[in-house]
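Q: Structure provided below as structure tokens; questions to follow.
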Amino acid sequence: MTRSEQLFEAAQKVMPGGVNSPVRACRSVGTYPRFLDRGLGSHVWDVDGKEYIDLIGSWGPLILGHCCDAVEQAVGEAIRKGLSFGAPTAAEVDMAELVCEMTGIDMVRMVNSGTEAVMSALRLARGATGRSKIIKFAGCYHGHTDAMLVKAGSGALTGGAPDSAGVPAEIAGDTLTASYNDLPSVEALLKANSGQVAAVIVEPVAANMGVVPPQPGFLEGLRRLCDENGTLLIFDEVITGFRLAPGGAQEYYGVRADLVTYGKIIGGGMPVGAYGGSRKLMEQVAPLGPVYQAGTLSGNPVAMAAGLAQLRILKSTPEIYENLDRRGAMLEKGLKQALSGIPAQVNRVGSLLTVFFTESPVTSYDAARSSDLTQFRRWYLGLLEQGIYSAPSQFEAMFLCNAHTDAEIQRIIDCAGKIFWQEEYL
């Protein structure tokens, strides 16, 4: 028995499913989780000493890779001053100014996770509009608040339970579900609930049903429909923020949202989140306005230090985004060639990718759900055996980082080519 198996056995006695986040349990791929010990650059090592090329990167925020020198140095300096104060620090001001400068929003409030950011943005949208209903999209995941666990993606979709027990019907009743990339479904909900919808919330690139890009005109159409109906548009940029471009999906697609939410990516991988928007909206948040939101550890100085170090590098080094996109295109092309003999689709936006095992193009939640999960299981285990650490779910993304090399991308492609054609993987 490996050390990972021993740890998982012990973990199941003291944690639900042996994990602190469901998808980590690896149930959908029929194996046990590899317990990680350390990371460096684009690689991680498990507790048994096996080395992997990492395609998760802490689920996206490690754009510069593991143990970036500048981030580690900033964290070390912050720790020597204190772990937490529950009081304002200069780093919070620096972070807020940088986030606003890079994204074009007026004001931002730091929180502790993407889930908390979404929860707070929804409350603000309801408070600002005086309306109660929210439109979300089937398969999009916005954290585990009650209102958002309606046809959710990510781990909820992976586990076969897109809805959750414990969510009161009266709360779920205010969440309306549209189809991603389907503007008429949004228009119909707005018409049927005229004057009642506070906000439309969307992942500008769906990445929790696997990577599903917005079709041309979709985001622009959402902006138009929200303007016509007095409804706020919220971009959940927990995954796309600062990854697709310095200004996130808003910059990448040229569409402005009213409110934007961010997650661990602004903390360089440390637990943190934020939501922001126009001055008019954000000044409705306490202590200036009637919409209450608070957090004892919000703006944690260590998380701020890590995030500032990463964001400053991203802001001053635009070639990072060129490298990420080029390597993403290289991996996309290589995987399509390697999997050309089987029903498979490779979806990509920038440095985000997903392989879907289906004959049809994947542009929606229903199309993503048509994927062959048995083939995905074989794919995941084949990559893992060859030292490629990827998400244990069909409905997640691969994340490239600036530390990945062309040689490592080619190795991933070569490994992918073996899984369905060499006897040991059949």
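The values are calculated or read from the model by the stated rules, or taken from the named source; none is laboratory data. Bear in mind the structure is a predicted one, so any value in this text is a computation, not a measurement. Note that we place each Cβ from the backbone using ideal geometry, even for glycine, and neighbour counts take in every protein chain shown. These accessible areas exclude ligands, DNA and RNA; they are computed on the full protein's heavy atoms, side chains included. Shrake-Rupley method; radii C 1.70, N 1.55, O 1.52, S 1.80 Å.
Q: Might you check whether a residue that is charged (D, E, K, R), within 23 Å of the chain's Cα centre (by Cα) and within 22 Å of Phe242 (Cα to Cα) occurs anywhere in the range 39-54?
A: Yes: one or more hits.
Residues are listed down the side, and each one gets a yes or a no for (1) of a type in the set (Gly, Ala, Ser); (2) surrounded by fewer than 17 Cβ atoms within 10 Å (Cβ to Cβ); (3) assigned to a loop (DSSP other than H, G, I, E, B):
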residue	(1), (2), (3)
Ala11	yes, no, no
Arg34	no, no, yes
Asp37	no, yes, no
Leu40	no, yes, no
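Q: Any idea which of (1) farther than 22 Å from His144 by Cβ; (2) open to solvent by less than 10 Å² (accessible area, probe 1.4 Å) is the one Gly254 doesn't satisfy?
A: Answer for Gly254: the failing condition is (2).
Q: Identify the single condition in (1) assigned to a loop (DSSP other than H, G, I, E, B); (2) surrounded by 19 or more Cβ atoms within 10 Å (Cβ to Cβ); (3) of a type in the set (A, V, I, L, M, F, W, C) that Ala87 does not satisfy, given that it satisfies every other one.
A: All conditions are met except number (2).
Q: Kindly evaluate Ile63 against the criterion of being assigned to a strand (DSSP E or B), open to solvent by less than 60 Å² (accessible area, probe 1.4 Å) and within 18 Å of Leu400 (Cβ to Cβ). Explain how you work it out, then say what you get.
A: Working: assigned to a strand (DSSP E or B): no; open to solvent by less than 60 Å² (accessible area, probe 1.4 Å): yes; within 18 Å of Leu400 (Cβ to Cβ): yes.
Judged against the criteria, Ile63 is not a match.
Q: Do we have any residue at all in the range 95-110 that's part of a loop (DSSP other than H, G, I, E, B) and touching a strand residue (DSSP E or B) at 6+ places or on another chain (Cβ under 6 Å)?
A: Scanning the range 95-110 turns up at least one residue that is part of a loop (DSSP other than H, G, I, E, B) and touching a strand residue (DSSP E or B) at 6+ places or on another chain (Cβ under 6 Å).
Q: Considering only the range 121-177, state which residues are among the hydrophobic types (A, V, I, L, M, F, W, C), farther than 21 Å from Ala188 by Cβ and modelled with pLDDT of 95 or more.
A: Hits for the range 121-177 are Ala121, Leu122, Leu124, Ala128.
Q: Follow-up. May I ask you to say which residue of Thr240, Thr261 is in a loop (DSSP other than H, G, I, E, B), open to solvent by less than 20 Å² (accessible area, probe 1.4 Å) and either over 28 Å from Thr354 (Cβ atoms) or hydroxyl-bearing (Ser, Thr, Tyr) (or both)? Full working, then the answer.
A: Numbers: Thr261 fails: in a loop (DSSP other than H, G, I, E, B).
On inspection, the qualifying residue turns out to be Thr240.
Q: So, in the range 284-319, of the ones that are over 15 Å from Asp94 (Cα atoms) and touching a strand residue (DSSP E or B) at 6+ places or on another chain (Cβ under 7 Å), which residue ends up surrounded by the most Cβ atoms within 10 Å (Cβ to Cβ)?
A: Val285
Q: Moving to a separate point now. I'm checking my understanding of the structure. Among residues of the range 355-380 that are among the aromatic types (Phe, Trp, Tyr) and under 13 Å from Lys418 (Cα atoms), which one is farthest from the chain's Cα centre (by Cα)?
A: Here is the first cut: in the range 355-380, the residues among the aromatic types (Phe, Trp, Tyr) are 356-357, 365, 376, 379-380.
Imposing the further condition that a residue be under 13 Å from Lys418 (Cα atoms) reduces the set to 379-380.
Working: Trp379: 22, Tyr380: 20 Å.
If we take residues in the range 355-380 being among the aromatic types (Phe, Trp, Tyr) and under 13 Å from Lys418 (Cα atoms), then Trp379 is farthest from the chain's Cα centre (by Cα).
Q: For the range 209-224, enumerate the residues that are touching a residue at least 40 places away in the same chain (Cβ under 8 Å) and open to solvent by 10 Å² or more (accessible area, probe 1.4 Å).
A: Matches in the range 209-224: Pro213, Gln215.
Q: In addition: Within the range 387-420, restricting attention to residues that are touching a helix residue (DSSP H, G or I) at 6+ places or on another chain (Cβ under 8 Å) and polar (S, T, N, Q), which residue is most open to solvent (accessible area, probe 1.4 Å)?
A: Among those that are touching a helix residue (DSSP H, G or I) at 6+ places or on another chain (Cβ under 8 Å) and polar (S, T, N, Q), it is Gln410.
Q: Only one residue in Leu190, Leu232 is open to solvent by less than 10 Å² (accessible area, probe 1.4 Å), modelled with pLDDT of 95 or more and over 16 Å from the mean Cα position of the chain (by Cα), so which one is that? Working first, answer last.
A: Numbers: Leu232 fails: open to solvent by less than 10 Å² (accessible area, probe 1.4 Å).
On inspection, the qualifying residue turns out to be Leu190.
Q: So, one more: Go through (1) farther than 22 Å from Arg377 by Cα; (2) free of Cβ contacts under 8 Å to residues at least 12 places away in the same chain one by one and return the number of the condition Met1 breaks.
A: All conditions pass for Met1, except number (1).
Q: Read through the list (1) outside any loop (DSSP other than H, G, I, E, B); (2) in contact (Cβ under 8 Å) with a residue 60 or more places away in the chain; (3) surrounded by fewer than 16 Cβ atoms within 10 Å (Cβ to Cβ), then give the number of the only condition that Asp227 fails.
A: (2)
Q: If you don't mind, there's one more thing I want to ask. Out of Leu383, Leu352, Leu339, I need the residue that is under 17 Å from the mean Cα position of the chain (by Cα) and among the aliphatic types (A, V, I, L, M). Which one?
A: Leu352
Q: Please indicate, with yes or no, whether at least one residue in the range 376-386 is crowded, with 17+ Cβ neighbours inside 10 Å and assigned to a loop (DSSP other than H, G, I, E, B).
A: yes
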